[in-house]
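The values are calculated or read from the model by the stated rules, or taken from the named source; none is laboratory data. Here the structure is a predicted model, which means the values were calculated and not measured. So basically every Cβ, Gly included, is an ideal-geometry build from the backbone, and we count neighbours across all protein chains shown. Remember, those area values only see protein heavy atoms, side chains included, never the ligands or the DNA or RNA. Shrake-Rupley method; radii C 1.70, N 1.55, O 1.52, S 1.80 Å.
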Amino acid sequence: MQQKNHIVSLQHVNRKGYLKGTISALQRTTYLGFIPLKYYSDNNRFYVVLDQESDQWILKTKYDFSNKIRYGDEFTLQNKTYGLFLNSFPDELSETTSQGLMCLSTKPQWFFIQPTSLQLLSIEIDGTSIVRILNSQNKQALHSHQEKYFQSQVNQYKEVTSYSNRDDNDFWYIQQIQPPNEIVEAPVQQGDIVIIRNVYDIQYLSFTNDSVICKSPPQDENTPIFIDIIFDNDQYIDELTKVYLQQVGTNFCLDFNQTGDIVLNPYQQEPLRIIPLTREILMVGQPFYIQRNFKYLTRTDNEQLSLIEFPNIMSIWVIEQHIPK
């Protein structure tokens, strides 16, 4: 599936400035203990700043099937002027506040808009929506504050960082300047092979050996899942459809043992129900529940899975990619 390109600007909610790209190379320092030894330019990374003037970014969503931006969407951010991508490096220190490093570089990284409630999943983001943007891999937030950079070529700008904690300096408006023209609808059908991820924090449902887990990106050979609808006359999946989720190659099914642990079983006893939340039938890119016996498959805090009676924000799943039969 092709990515969809949105032309956007990103405005900081508190500071009112805009995320802006530059081609000023990062100035780095080597130390002996606390003594600076050498200053040098990192010609592979460039400052990203907060400025009063708007700047344009190409927001490329992954497997998007709408001309709107939604909570839970995963995307790259490419500066439209310079063609460089927003990158997060949490293990390297930012210049002014020693938070994580946020900069521009030549290789794309994935980010996502984290939903904070179930209600947000049915809402499309507009220029008034307050969002928190996290890096998909390291879960660091795009962050800015009052402090400015030190280096002379950017010291008129406020610092932008990669932030591990959470506060109201993580909040942004995404103002869409130009949406993509084409809208593609992709219903999920019997026999499709799909990639399923958790909407809350980009963890993939993964069938590995005899267990079922959530795993961080990237995808691997254990993330493709086969959808088997019990009644062959059901072509599409709605809230009444009963399905098996099977490991590709073995056809072992997602199941639960006598102690309630989630396992892979060659003979699943009880089917699952897939419950679309925003559409009547299950579509790629649209959120849904996975239900068994009126309980909801949910990612837990330790990145494992469990069944719970009442769904929460970590009970929401989305099909990120599918291979039609």
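Pairs are defined by a Cβ separation below 7 Å, a sequence spacing of at least 6 or placement on different chains, a first member in the range 18-29 that is farther than 8 Å from Val49 by Cα, and a second member that is open to solvent by 40 Å² or more (accessible area, probe 1.4 Å) and of a type in the set (A, V, I, L, M); no pair meets this definition.
Answer with yes or no whether Lys20 is part of a strand (DSSP E or B) and modelled with pLDDT of 95 or more. Spell out how you get there, then give the answer.
Numbers: part of a strand (DSSP E or B): yes; modelled with pLDDT of 95 or more: yes.
Spelling it out, Lys20 is indeed part of a strand (DSSP E or B) and modelled with pLDDT of 95 or more.
Just one of (1) at pLDDT below 95; (2) under 30 Å from His322 (Cβ atoms) fails for Glu95. It is (2).
Considering every residue within the range 289-299, establish whether at least one is assigned to a loop (DSSP other than H, G, I, E, B) and at negative phi. Before you say what the answer is, go through the steps one by one.
Let us first name the residues in the range 289-299 that are assigned to a loop (DSSP other than H, G, I, E, B), namely 293-294.
With the extra rule that they be at negative phi, the set shrinks to none.
Checked the range 289-299: no residue is assigned to a loop (DSSP other than H, G, I, E, B) and at negative phi.
Scan the range 104-136 for residues that are surrounded by fewer than 20 Cβ atoms within 10 Å (Cβ to Cβ), assigned to a loop (DSSP other than H, G, I, E, B), modelled with pLDDT of 90 or more and of a type in the set (Ser, Thr, Tyr) and the total you get is 1. Considering the range 40-100, the qualifying strands (runs of 3 or more DSSP E), each wholly inside and each with 3 or more residues that are of a type in the set (S, T, N, Q), run over 74-79.
Any residue in the range 150-160 that is modelled with pLDDT of 95 or more, of a type in the set (Phe, Trp, Tyr), closer than 26 Å to Thr22 by Cα and in contact with a Pro (Cβ under 9 Å, 6 or more places away or on another chain)? Within the range 150-160 (the criterion being modelled with pLDDT of 95 or more, of a type in the set (Phe, Trp, Tyr), closer than 26 Å to Thr22 by Cα and in contact with a Pro (Cβ under 9 Å, 6 or more places away or on another chain)), the answer is no, since none of the residues qualifies.
Buried (at least 23 other Cβ atoms within 10 Å of the Cβ) and either within 14 Å of the chain's Cα centre (by Cα) or aromatic (Phe, Trp, Tyr) (or both): is that true of Phe75 in this structure? Yes; evaluated as a whole, the condition is true for this residue.
Of the listed requirements (1) surrounded by fewer than 18 Cβ atoms within 10 Å (Cβ to Cβ); (2) within 30 Å of Glu124 (Cα to Cα), Tyr296 misses just one: (1). Scanning the range 240-270 for residues that are in a loop (DSSP other than H, G, I, E, B), of a type outside the set (A, V, I, L, M) and surrounded by 15 or more Cβ atoms within 10 Å (Cβ to Cβ) yields Thr241, Phe252, Gln268.
Does Thr278 fit the bill of being touching a Ser or Thr at 6+ places or on another chain (Cβ under 8 Å) and of a type in the set (Ser, Thr, Tyr)? Quick ask: steps written out before the conclusion?
Numbers: touching a Ser or Thr at 6+ places or on another chain (Cβ under 8 Å): yes; of a type in the set (Ser, Thr, Tyr): yes.
The answer is yes for Thr278.
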